[in-house]
Structures are given as C-alpha cells and as structure tokens.
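Chemist: If you scroll down you'll find the structure; I have some questions about it.
The values are calculated or read from the model by the stated rules, or taken from the named source; none is laboratory data. What you are looking at is a predicted structure, and each value in this text was computed from that prediction instead of being measured. In this analysis, Cβ positions are derived from the backbone assuming ideal geometry, glycine residues included, and neighbour counts consider all displayed protein chains.
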Amino acid sequence: MTQQKEQTELEQSAHQKRMASRKAVMDAKIAKATEERGVLILLKGNGKGKSSSAFGTMARSVGHGKHCAVVQFSKGRTETGEYKLFKDHPQIDWHVMGHGFTWETQDKSRDIEAAEKAWAVAEKLLQDECYDMVVLDEMSYMFKYGYLYVEPVVEALKKRPKMQSVIITGRTMALPLQDIADTISIVQDERHAFRLGVKAQAGIEY
Ligand code: ATP
Ligand code: MG
C-alpha cells in the first residue's frame with residue numbers, strides 16, 4: 001500500500017468515527033424531543049429578515065394544509081408582495097391594522113386606540129382553535145411605545161390552543177414575551193443595501 005493510500009484510508013476511518021459519534025449525539029437529542037405542541041417564536045434584531053422569515057414559515061404551514069392568520073400592527077406599506085400573494089388564499093386571514101397610527105401628528109391617544117383595535121383582533125385569533133399559526137407582525141413596537149400592556153398579551157399567549165403556533169416580529173422584544181417564548185432568533189444587521197444607497201425594491205423590501 002502506498003503511503004498516500006494508507007493516509008487516505010486513515011482519514012476515511014477517522015471521518016467515519018466522527019460522523020458515527022455525531023449521529024449518536026443527534027439521535028439521542030431527537031429521541032428526547034417528543035412533545036407535540038405549538039410554539040411561540042420571536043424574531044427580533046436590527047437586521048433585515050424578520051417579517052419575511054415569519055411569512056416564509058407561514059407559507060410552509062399553508063403548504064401542509066394548515067390555517068393561518070396575520071395581524072400587521074405597523075402602518076408600513078399596504079401593497080406588499082406577501083399581502084398580494086396571500087390575501088385571497090383560502091387558508092389565510094390577513095388583517096392590516098396599522099392604518100390608524102399617526103406617526104406624523106404624534107397623537108398618542110389615537111395610536112393607543114388603533115393598537116387596542118389590532119390587539120382585539122389578535123386576541124380573538126389566539127382563542128380560536130381553527131388557526132394553526134398566528135403571525136403578529138411588528139407587534140413589539142406596541143409595547144416599546146406604551147400603546148399596549150404586555151401582561152394581557154402574555155396571558156392570552158399562555159392560554160392559546162395547545163397546537164397553535166405564534167410568531168411575533170419586531171426589532172426589540174418585551175422581556176415578558178422572551179420569558180415565555182420557545183424559540184428566539186436575533187437577525188443581526190451586518191450590512192444593508194440601503195446604506196449603500198440602494199433604493200427599496202418591490203420583491204425585496206416589500
Ligand atoms: P423584511 O420584511 O425584509 O424581512 P424586517 O421585518 O426584518 O424586514 P423591519 O424592521 O420590519 O425588517 O423593516 C422593514 C423594512 O426595512 C424592509 O424593507 C427592510 O429591508 C428594511 N430594513 C430592515 N433592516 C434594515 C436596516 N438595518 N437598514 C435599513 N433598512 C432595513
Ligand atoms: Mg418587519
């Protein structure tokens with residue numbers, strides 16, 4: 001056997017051992033994760049990708065025949081690609097609730113009224129077993145600006161149907177939400193095309 005061949009066989013056998021032990025570790029972890037229930041997912045951070053991740057996960061659920069609902073808390077753009085694609089889908093109910101907000105006039109009492117209306121819609125969804133997934137997009141700002149109290153939201157999330165999953169997005173998250181979340185992902189802002197002078201584009205930003 002040449003030295004080179006011997007070396008390759010040694011590497012191959014070491015690789016096989018490493019992979020076998022990694023598989024054993026993974027199999028043990030999989031065997032432990034047996035619970036079946038909905039999860040609360042928080043997508044936070046300053047980078048781009050929170051809302052699009054939430055809607056991507058929702059598309060995945062819809063593909064499995066599940067029923068989903070979206071409540072959009074912030075004004076933003078109404079003619080988003082996701083709204084155009086999903087608004088008439090038979091498995092999706094989409095509520096754009098941010099219209100009442102008055103960022104320009106800074107009328108806090110009107111903002112609170114708009115937030116409460118949006119929360120009233122969301123609260124009903126969280127009591128309804130028909131919905132397998134509820135996306136509360138940009139909800140975190142409601143707590144940051146003091147438009148909504150977080151405690152009733154935490155209570156409603158705790159009492160929701162067992163198999164219902166909820167995704168909440170927003171740059172900053174209220175700590176009581178983090179305390180009860182199953183999955184928290186931070187989307188980090190390392191670079192954004194906007195700062196390179198690139199204009200917001202249909203299909204990328206909205
Ligand atoms: P997306 O909807 O693309 O997943 P997001 O939900 O993570 O983005 P938001 O904070 O909701 O981000 O902001 C929405 C819009 O702002 C998007 O058009 C996005 O491209 C843009 N954006 C997100 N992060 C940044 C950033 N760090 N700098 C500039 N623009 C950003
Ligand atoms: Mg967003």
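Chemist: Of everything in region 181-206 that's part of a helix (DSSP H, G or I) and loosely packed, with under 12 Cβ neighbours inside 10 Å, which residue is farthest from ligand 1 (Cβ to nearest atom)?
Modeler: Checked region 181-206; the qualifying residue farthest from ligand 1 (Cβ to nearest atom) is Leu196.
Chemist: Another question, then. Just the residues that are more than 14 Å from the chain's Cα centre (by Cα), touching a residue at least 12 places away in the same chain (Cβ under 8 Å) and not in a helix (DSSP H, G or I), please, taken from region 147-175.
Modeler: Tyr147, Leu148, Arg160, Pro161, Lys162, Met163, Ala174
Chemist: Give region 104-133 a look and list any residue that's more than 22 Å from Val39 (Cβ to Cβ), touching a helix residue (DSSP H, G or I) at 6+ places or on another chain (Cβ under 8 Å) and surrounded by fewer than 19 Cβ atoms within 10 Å (Cβ to Cβ), or say none.
Modeler: Arg110, Glu113, Lys117
Chemist: Still on this structure, please answer the following. Any chance region 46-59 includes a residue that's within 25 Å of Val153 (Cα to Cα), surrounded by 20 or more Cβ atoms within 10 Å (Cβ to Cβ), of a type in the set (S, T, N, Q) and touching a residue at least 60 places away in the same chain (Cβ under 8 Å)?
Modeler: yes
Chemist: To continue, here is another question. Out of region 25-82, which residues are part of a strand (DSSP E or B), within 16 Å of ligand 2 (Cβ to nearest atom) and over 24 Å from Arg195 (Cβ atoms)? Please lay out each step first, then the result.
Modeler: Of region 25-82, the ones part of a strand (DSSP E or B) are 40-44, 68-72.
Next cut, within 16 Å of ligand 2 (Cβ to nearest atom) only: 41-44, 70-72.
Result: Ile41, Leu42, Val70, Val71, Gln72.
Chemist: If you don't mind, another one. Looking at Val134, Val96, can you tell me which residue is at pLDDT 95 or above and over 17 Å from Gly45 (Cβ atoms)?
Modeler: Val134
Chemist: If you check Gly76, Gly45, which single one turns out to be at pLDDT 95 or above and not β-branched (Val, Ile, Thr)?
Modeler: None of the other options fit; the residue is Gly45.
Chemist: Among the residues of region 164-193, which ones are more than 16 Å from ligand 2 (Cβ to nearest atom) and among the hydroxyl-bearing types (Ser, Thr, Tyr)?
Modeler: Result: Ser165, Thr183.
Chemist: In addition: Quick one: Leu85 ticks every box in (1) surrounded by 10 or more Cβ atoms within 10 Å (Cβ to Cβ); (2) under 25 Å from Asp182 (Cβ atoms); (3) more than 13 Å from ligand 1 (Cβ to nearest atom); (4) in the same structural domain as Lys158 (by TED's automatic domain parsing) bar one, so which box is it?
Modeler: Unmet for Leu85, out of (1) surrounded by 10 or more Cβ atoms within 10 Å (Cβ to Cβ); (2) under 25 Å from Asp182 (Cβ atoms); (3) more than 13 Å from ligand 1 (Cβ to nearest atom); (4) in the same structural domain as Lys158 (by TED's automatic domain parsing): (2).
Chemist: With (1) crowded, with 22+ Cβ neighbours inside 10 Å; (2) more than 11 Å from ligand 1 (Cβ to nearest atom) as the list, and Thr169 as the residue in question, which single condition is left unmet?
Modeler: Of everything listed in (1) crowded, with 22+ Cβ neighbours inside 10 Å; (2) more than 11 Å from ligand 1 (Cβ to nearest atom), Thr169 misses just condition (2).
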